[in-house]
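Below is one structure, written out as structure tokens; comments come after it.
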Amino acid sequence: MSGNTTDVRGRTLPLDLDERDELLRETLAGHPDALVAALDPDGRPKPIPSTIEMIDRHRAARFRGIGAVALEHRHTILEALTEAKATGAATFRVPLVNGAEVECTMVDVSHRHGVLVVVVLHASDLDLVASLTRASVPPRIGRVEQDDVAIIRSVDDPTCRILGYARDELVGRRSSELVHPDDQAHLIDAWLHLLDVPGGTTRVRTRHLRKDGSWLWVELTNTNLLSSAEGRVVTEMIDISEEMETLERLRQREELLTRLTEALPAGVVHIDRHRTVVLTNERLHDLLGVGAVDRVDDQFATVSDQDRPRLVAAIDRVLSHGRSADLEVALDLPGAATPHRAAIAIRALTDGREHPDGAVLTVDDITEASALRVELERRATSDSLTGCLNRAAVLDELARRLPGDRDRRTPRGTAVVFLDLDDFKDVNDSLGHHVGDLVLVEVAARITAVLRDDDVVGRLGGDEFVVIAPGIETTDGAMELANRIGAAVSAPLDGVDGVDSPHRAIRASIGVAVSTTTGIGADDLTIAADRAMYRSKRAGTSTPVVTSL
């Protein structure tokens, strides 16, 4: 390279823009057999711009640039690029990887053409042109011959290129000197085994030191020919750096997956298409109370008998059709003081053709959340004093239980029993509202105690209660229920704290409405029962009054 010179082909540096254009034209005209290439300001190959005039004999190509230059001289290209950008031009000579040496002129004409032009002078030799322009494909396989103490006796050119050394830098050197310290023991052990078996072979993977100081993964296949005429150990060296890089990336991904899995607050289990457990985290074992097992069905052994069929079916669907599934299950954990619940999400893993190839299941403990949800639902639907359904909830329940159009062929009657406590105001006035509340709680308990399993009771507010009794198709059946409720409510209140007399009782006016037809709304049936209750109240006998719709 020109180094500190201030002259390029008779021109003093730095060149102004016109001088750069003129230098490029003269260089191209004076060397009609030149190879012409272009680089961007960062040194990357670019197509020759159409604005540059070349004669027919010029060869335009994507110059390999630094990849065409011998390893120990590649800095020359970088220095020339730096000088040309600073002064407008540079000349330099460099040896190529094929052993030839070329003279080049580099001119920065980016002001006009957007590139730096490299003119390789005297490039008529086709092998030289190919070396400069063909894609660089480094060798992967080399051959080394060693003696019985691992001194290198001969080495081929691909090995030199793989490791970046000249031949004389390797011959006479002990091969173990090039091996990474962590691999030395493994290499020596394989070498000693090799020497014990004339004609035998060993294979070992090690990291070898390249001339640039980096480490390269190679696979060495050593063949013991010491007893033959060759009297050598022949080693085939294969560059496996890409394979090892891929394996390292996979290892790092697996480690990342393992770390993430262990850090998750949820339990995680990975299964294959055969329902075999591939991976779990500790959180899963804590949640399920089951240690590491081989089969997913055994892993979820603590899922309740009632919910296990749903879980098995969901896993089957995911593995066969790839459909995601989310479900809640009860857990029967040994030694648990309270029931536990878990939310399980199941997602399919697919192969390269998008077919299910396994699944990932995540498990979350929702025991507290489920209990809170139940409590919130209870509060939203229950009367805070008596625990009965509140007004909105009991009317919704009535609407749900009334026979609809779909039940036209087999109608089932529904009865509504409406109660109003006749003497409740006197209790509040004489004994106080606290005792009055206790009386309401007692009345609700007495009503509940005489109801059938499917009946429900709600408090509409104040001292009014309503009972929904599905499956009653006759007024006689409804009156039987109403009389039973009336008798329970009118019993003495001697068990209620604060009541002043063990014989004190409370009466109720009761109205009953029965519907066995479709199209009757909850409001209509409730209003009918309410009107019947007022007829009972006017009679003043605490006798239930019934009406049929």
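The values are calculated or read from the model by the stated rules, or taken from the named source; none is laboratory data. None of the values given here were measured: they were computed from a predicted structure. For neighbour counting, all protein chains shown are included, and Cβ atoms are generated from backbone atoms with ideal geometry for every residue, glycine included. When the accessible area is computed, the model is the full protein with side chains, heavy atoms only, and any ligands, DNA or RNA have been set aside. Shrake-Rupley method; radii C 1.70, N 1.55, O 1.52, S 1.80 Å.
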Strands (runs of 3 or more DSSP E) wholly inside region 130-216 that include at least 3 residues being in contact with a Ser or Thr (Cβ under 7 Å, 6 or more places away or on another chain) and not charged (D, E, K, R): 141-146
Top-ranked residue in region 369-401 [being open to solvent by 20 Å² or more (accessible area, probe 1.4 Å) and within 26 Å of Glu473 (Cβ to Cβ); ranked as modelled with the highest pLDDT]: Leu389
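When you scan region 296-389 for strands (runs of 3 or more DSSP E) that lie fully inside it, which ones turn up with 2 or more residues that are touching a Gly at 6+ places or on another chain (Cβ under 9 Å) and on the phi < 0 side of the Ramachandran plot? Reasoning before the result, please.
Values: elements: 325-331, 340-350, 356-365.
Here the list reads 340-350, 356-365.
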Test: Ser548 is of a type outside the set (Val, Ile, Thr) and in contact with a strand residue (DSSP E or B) (Cβ under 7 Å, 6 or more places away or on another chain): yes
Strands (runs of 3 or more DSSP E) within region 448-549 that include 1 or more residues over 25 Å from Val435 (Cβ atoms) and open to solvent by 40 Å² or more (accessible area, probe 1.4 Å): 545-548
Strands (runs of 3 or more DSSP E) lying entirely in region 222-293 (those with 1 or more residues that are in contact (Cβ under 8 Å) with a residue 12 or more places away in the chain and small (Gly, Ala, Ser)): 267-272
Which listed residue is surrounded by 15 or more Cβ atoms within 10 Å (Cβ to Cβ) and either among the charged types (D, E, K, R) or more than 30 Å from Arg273 (Cβ to Cβ) (or both), from Asp326, Asp351, Asp364: Asp364
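Would you confirm whether or not region 517-533 contains a residue that is over 22 Å from Thr414 (Cα atoms), modelled with pLDDT of 90 or more and out of contact with any His (no Cβ under 9 Å at 6 or more places or on another chain)? Lay out the reasoning, then the answer.
Here is the first cut: in region 517-533, the residues over 22 Å from Thr414 (Cα atoms) are none.
No: zero hits.
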Matching entry among Arg203, Arg140 (being open to solvent by 20 Å² or more (accessible area, probe 1.4 Å), without any contact (Cβ under 8 Å) to a residue 40 or more places away in the chain and out of contact with any helix residue (DSSP H, G or I) (no Cβ under 7 Å at 6 or more places or on another chain)): Arg203
Residue count for region 90-108, restricted to those that are in contact with a Pro (Cβ under 9 Å, 6 or more places away or on another chain) and modelled with pLDDT under 95: 2
